[in-house]
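Where a number appears in this text, it was derived from the coordinates with a stated rule and is not lab data. Everything numeric here is computed off the predicted structure, so don't read it as measured data. Quick reminder, even Gly has a Cβ in these numbers, built from the backbone with ideal geometry, and neighbours come from all protein chains shown.
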Amino acid sequence: MVLRTAGFVPESITDGPGIRFVVFCQGCVHHCPGCHNAQTWPFEGGEPWEVQQIFEKLRRDPLVRGVTFSGGEPFCQAAAFAELAQILKQHRYEVAAYSGWTFEELCEKAKTEPETAALLGLLDVLVDGRFEKEQLSLELKFRGSRNQRILDVPASLAAGRAIPKEDGRWK
Ligand code: SF4
């Protein structure tokens, strides 16, 4: 499956704990005022990559143990990201994603969108919610505005409500 990408950061330390490979996707429906990645909004831009190619690219770096999906809006390409997440989980990478939708909104979407359910079900961590510039804080780790939450996705899905990630690496 093809994923339309806006770019990659091969060794990021700002999109989650440790050294992570970040996939920035092209296309976003949220258009948050103050977004730092407005060039990723159009869906017709970016560069198409086969999911397997992306995996081959990141697996060459032995320092990378976590992968973060960012954007753009990863859930606008949920099927392709779910395919990538499936491969990553098989190889024991920690998989995190940003989304402008909240966990509750994604759960609602997942009722009618199998690809959304699939991607959500494969994530370890979700950083959720739109960027709100009124709530911007440079002190926050791994998120831009105070309304955004860092969630433990398996625990949240099991509980049926948003559960914060307690792992100290994410705080
Ligand atoms: S969801 Fe992210 S990429 Fe999309 S507009 Fe908001 S901050 Fe920008």
What FRET efficiency comes out for the pair E113/E44, r = Cβ-Cβ distance, R0 = 25 Å, nearest 0.05?
0.70
Interatomic Cα distance distribution for the stretch 3-86, bins of 5 angstrom, percent
3, 16, 26, 25, 19, 9, 2, 0
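If we sort 131-137, 40-46, 22-28 on the protection proxy, mean other Cβ atoms within 10 Å, highest first, what's the order?
Highest-to-lowest ranking by the protection proxy: 22-28, 40-46, 131-137.
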Return a whole-number percent for the relative contact order of the stretch 2-170, with Cα pairs under 8 Å and 6 or more residues apart as the contact set.
19
When the helix-only estimate is applied to the chain (DSSP H runs of n ≥ 4, each -39,500 (n - 2.57), divided by the residue count), what is the mean residue ellipticity at 222 nm, nearest 500 deg cm²/dmol?
-7500 deg cm²/dmol
Rounded to the nearest 20 Debye, what is the dipole magnitude of the chain about its Cα centre when Lys and Arg each give +1 and Asp and Glu each give -1 at the C-beta?
400
Per-selection metrics, the chain (Cα): Rg and Dmax in Å:
14.7, 40
For the chain, modelled as a Gaussian network with Cα springs under 10 Å, which listed residue fluctuates most, E104, E11, E139?
E139
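Taking the Cβ-Cβ separation of K57 and R92 as r and a Förster radius of 25 Å, what is the calculated FRET efficiency to the nearest 0.05?
With R0 = 25 Å, the Cβ-Cβ based efficiency is 0.90.
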